[in-house]
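A.B. asks: Please read through the structure below; I'll follow up with questions.
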Amino acid sequence: MSAFNAIGEEREIDRDEFTPGVEPQPTWCPGCGDFGVLKALKQALPEVGKTPEEVLTVTGIGCSGKLNSYLDTYGFHTIHGRALPVARAAKLANTDLEVIAAGGDGDGYGIGGNHWIHSARENHDITYIVFNNEIFGLTKGQTSPTSPKGHKSKTQPSGSAKTPLRPLSMSLNAGSSYVARTAAVNPNQAKEIIKEAIEHDGFAHVDFLTQCPTWNKDARQYVPYVDVQESDDYDFDVTDRQEAVEMMHETENALYEGTVLTGRYYVDEDRPSYQEEKEAVGEMPEEPLAERYFDDDVEWERSYDLLDRHT
Ligand SMILES: Cc1ncc(C[n+]2csc(CCOP(=O)(O)OP(=O)(O)O)c2C)c(N)n1
Ligand code: SF4
Ligand SMILES: [Mg+2]
């Protein structure tokens, strides 16, 4: 797709623009599913007409959190479980920015679970990609909220006694207006789903199955996978909440029984985003907050006052 340069000329966007020129090459292990997310984003962003300077990628901590070191957009590598509050603040301060938040299953569904639920409830206009490898990868394979019951790890050597969390169902119940699951082993579907999530106005949650061959050797590589939109075995309406609930439930059960179902599960185009809700109650500034930073007429005494008081 094309974009316009600083002097208004139309130009083609090249996916190589999203590969940093000076940053290191990914240090992910060979065969890691995280490469699939990076690839899908590099393909999706130019296809939806985004240039690197129009995008902010905010990540948590984990192997997954390294994403923005390898993707040449603006980046913010936050602390564990805190990608979403930073992403939300950035989006509210600069509503023109395309904001993508990303992190692992431990990061997003565990320590950051509260932020996930409330970001979905409030329908912030953010794409949220969770690299779901069903373990803590970076810290060497501990049990995560999505590890299957009975999964053996260093923290649960006799097998986990915990029932895994249902990411799709929880997301829908919390209020996400777009919910999908894809897998690193299905690159075409992954790219299309990431494109839809980016273009969706509201909280778009993608549960991205990313195999970890190093610490989760027992785990399936998420093959064979089934695309529920392509398969004749499944027929449901993604705009119908009740049908989505049932399909998500079946998908979450199937994963732990060895069948990998993927696809779009819920799409609500009518629900206003948080930003639109704030505009409706007159709480959004007329010019983006971020622009005031460059406006010489804006006085910042209040913050200076506060600083003075603490020095
Ligand atoms: C507050 C805090 N607690 C714990 C850690 C240690 N820690 C770093 S990454 C991580 C979990 C990583 O798992 P996940 O989020 O699933 O990401 P993955 O590495 O699997 O991509 C933990 C517990 C930390 N960095 N900060
Ligand atoms: S430890 Fe697992 S999640 Fe981390 S880079 Fe290696 S394969 Fe990927
Ligand atoms: Mg993980």
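A.B. asks: Roll a 1.4 Å probe over the protein chains and send me the accessible area per residue for the chain in Å².
C.D. replies: Here the per-residue accessible area is 49 Å².
A.B. asks: Add +1 for every Lys or Arg and -1 for every Asp or Glu among the other residues with Cβ under 11 Å from the Cβ of K195, and state the total.
C.D. replies: With Lys, Arg at +1 and Asp, Glu at -1, the net is -2.
A.B. asks: Go through region 217-250 and name the GluC sites (Glu not before Pro) that are in a DSSP coil and have 12 or fewer other Cβ atoms within 10 Å of their Cβ.
C.D. replies: E230
A.B. asks: If you project the alpha carbons of region 135-191 onto the principal axes, what extent comes out on each, in Å, largest first?
C.D. replies: Cα extents, longest axis first: 37, 27, 17 Å.
A.B. asks: Please give the net charge around H249, taking every other residue with its beta carbon less than 12 angstrom from that of H249, where Lys and Arg add +1 and Asp and Glu add -1.
C.D. replies: -3
A.B. asks: Oh, and also: Could you tell me, in Å, what Rg and Dmax come out for the Cα atoms of the chain?
C.D. replies: For the chain, the Cα radius of gyration and maximum Cα-Cα distance read 20.0, 68 Å.
A.B. asks: Among the listed pairs K42/K217; K66/K140; K66/K154; K140/K195; K42/K195; K91/K191, which are separated by more than 21 Å between their Cα atoms?
C.D. replies: K42/K217; K66/K154; K140/K195; K91/K191
A.B. asks: Also, I was wondering about something else. Any idea what the alpha-carbon Rg over 2.2 N^0.38 Å comes to for region 102-244?
C.D. replies: So the Cα radius of gyration is 1.05 times the expected 2.2 N^0.38 Å.
A.B. asks: Just read off the accessible area of F35 with the full protein assembly in place, 1.4 Å probe, to the nearest 10 Å².
C.D. replies: In the full protein context, F35 sits at about 80 Å².
A.B. asks: If you don't mind, there's one more thing I want to ask. What FRET efficiency do you get for E287 and E243 if R0 is 41 Å and r is their Cβ-Cβ distance, rounded to the nearest 0.05?
C.D. replies: 0.45
A.B. asks: Have a look at E291, E134, E12 and tell me which one the Gaussian network model of the chain (Cα, springs below 10 Å) gives the largest fluctuation.
C.D. replies: Looking only at E291, E134, E12, the biggest GNM fluctuation is shown by E291.
A.B. asks: Okay, moving on. Between D270 and K152, take the C-beta separation as r, use R0 = 35 Å, and let me know the FRET efficiency to the nearest 0.05.
C.D. replies: Given R0 = 35 Å and the Cβ-Cβ separation, E is 0.20.
A.B. asks: I've got another one for you. What residue among L289, L209, L261 has the largest mean-square fluctuation in a Gaussian network model of the chain, using Cα springs under 10 Å?
C.D. replies: Its mean-square fluctuation being the largest, the pick is L289.
A.B. asks: Also: Using a 1.4 Å probe on the protein chains only, how many percent of the accessible area of the chain belongs to carbon and sulfur?
C.D. replies: 50
The values are calculated or read from the model by the stated rules, or taken from the named source; none is laboratory data. Computed from a prediction, not measured in an experiment: that's the story for all the values here. Using ideal geometry, Cβ is built from the backbone for each residue, glycine included, and neighbour counts are taken over all protein chains shown. Just the protein is used for accessible areas: all its heavy atoms, side chains included, with ligands, DNA and RNA removed. Shrake-Rupley method; radii C 1.70, N 1.55, O 1.52, S 1.80 Å.
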